[in-house]
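Just below is one structure, and these are the notes that go with it.
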Amino acid sequence: MNPLGWYEPGSSLLHRLPAGGKFVALLVLAAVVFVLHSPWWLGGICLAVLLGYALARIPPRRCRQLARSLGLLVVLVLAVQWWLLGPGEAVLTCLRIVAALAAANLFTLTTRVDDVVSTVERVTRSARLGLLVGLTIRAITALTAIAVEVREAAKARGMQRSPVAFVVPFLVRTLRHADELGEALAARGFGDPDPDSPPRDSDA
């Protein structure tokens, strides 16, 4: 199960909102959280995002998965920032990360990838750009899922503290996923042109 970003079917208001509007709102929120310097305002935004999960009726299991994934990241960032910049900046950085990533995850949980791709294609009139956006979203979710599965497999073997037990299987599965993605793109006619094929007539 992928903890970050996998569409959760539903009929809530957030599910029914247009993908384009939600995407713009996400970009605005991301810009706002990175210019705010008040922990109270950032904490309020985090609370608002949390209420969004309740409004969208996201199942508790998905919320727990997000909490586990963000928890480890926040602890690491907090420790490094505290050491380098002090407690004040460390707290601000962690609040920004939580607000931005939790909002992005909520967006992907309530928005189908196909709707995002269709919106990008309609606005930009570029099928390739729409495909790129769709592949980016799917790649992030796929790599996250691989990381979680590899970590759980290492934990089941009692090797959760071994970097090798995580890195090697993760790289192997990531390369396998990249090969499968390349084959899928080639089947759809995307990829490098055949060097032996004649050049296309630009006027045709």
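Nothing in this text is a laboratory measurement; each read-out follows from the coordinates by a stated rule. These figures come from a predicted structure and were not determined experimentally. Backbone-built Cβ (ideal geometry, glycine too); neighbour counts: all protein chains shown.
Key figures for this structure:
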{"read-out": "Matching residues, the range 16-25, being of a type outside the set (A, V, I, L, M, F, W, C) and buried (at least 17 other Cβ atoms within 10 Å of the Cβ)", "value": "K22"}
{"read-out": "Pair list, Cβ under 6 Å, 6 or more apart: the range 110-128 residue within 29 Å of L55 (Cα to Cα), other residue basic (K, R) and assigned to a helix (DSSP H, G or I)", "value": "T111/K22"}
{"read-out": "Residue pairs meeting the criteria (Cβ under 8 Å; at least 6 apart or on separate chains; first closer than 11 Å to T110 by Cβ, in the range 11-33; second in a helix (DSSP H, G or I) and β-branched (V, I, T))", "value": "S12/T110; L14/T110; H15/T110; L17/T110; A19/V116; A19/T119; K22/T110"}
